[in-house]
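Okay, so here's the structure we're looking at.
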Amino acid sequence: MDEDANRSYQQCSQQVQGREFRACQRFLKQRSGPYNAEEDEEEVTGNPQQQYLQECCQQLKEMDRQQCGCEAIKQAVRQAQQGGPRYQTGQSEQIYQRARELPRRCGLSQQQCRFSVVFV
């Protein structure tokens, strides 16, 4: 990692630290069934999932830099995995699939966030 990238990473980490991305956590953890991207795309009025997605995107867009959105998503994933009872099989995988989709769905950038996947 070059010096500029390292500095930018540290600034993002500081900005994200201590914040709770509750809407993002709720979006990541929602529905215990298998993840279905097509089903996810349906916009149903009053659909809590859409509401969580919109609120999560808003939280991510409040970051100072666009690349900080990835750091914020990673933080939300960590928080989602810490809280509550142990996972049902496949839920951790579902959380990562949803996390990978967030930058695109929130229109953050075409840059993919790199996640080191840790299945719990």
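The values are calculated or read from the model by the stated rules, or taken from the named source; none is laboratory data. Since we're looking at a predicted model, the values are computed, not measured. We place every Cβ from the backbone using ideal geometry, glycine too, and count neighbours over all the protein chains shown.
Brief remarks on what is shown
- Among (1) within 18 Å of Cys113 (Cβ to Cβ); (2) at pLDDT 85 or above - the single one Tyr35 does not satisfy: (2)
- Any chance Gln14 is surrounded by fewer than 16 Cβ atoms within 10 Å (Cβ to Cβ), closer than 19 Å to Cys106 by Cβ and at pLDDT 75 or above: no
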